[in-house]
1. So how do 58-66, 12-20, 26-34 stack up, highest first, on mean other-Cβ count within 10 Å?
2. Tell me the Rg and the Dmax, in Å, that the Cα atoms of the chain produce.
3. Could you grab the relative contact order for region 10-63? Cα pairs under 8 Å, six or more apart, rounded to a whole percent.
């Protein structure tokens, strides 16, 4: 199960069955650079809100936060 880690995304409320390609594609094309940058800052991936990273780096880094583990 995975969810979108971007803050305020409608796909982060209910985890979906998705593979890595689907999640990375969603992050790349459904969110603008600023949304990814703000989320990376809030998760501690970058040190400053205006720190510049490539869009691909942000997608790959945010992907690690998309996994949802189910606890029984």
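Values in this text are rule-based calculations from the coordinates and carry no lab data. Everything quoted here is computed from the prediction, not taken from an experiment. Cβ: placed from backbone, ideal geometry, glycine included. Neighbour counts: every protein chain shown.
1. Working: 58-66: 17.7, 12-20: 12.2, 26-34: 14.8.
Highest to lowest by the protection proxy: 58-66, 26-34, 12-20.
2. That works out to 11.8, 40 Å for Rg and Dmax.
3. Values: 27 pairs, mean separation 21.8, N = 54.
The value is 40 percent.
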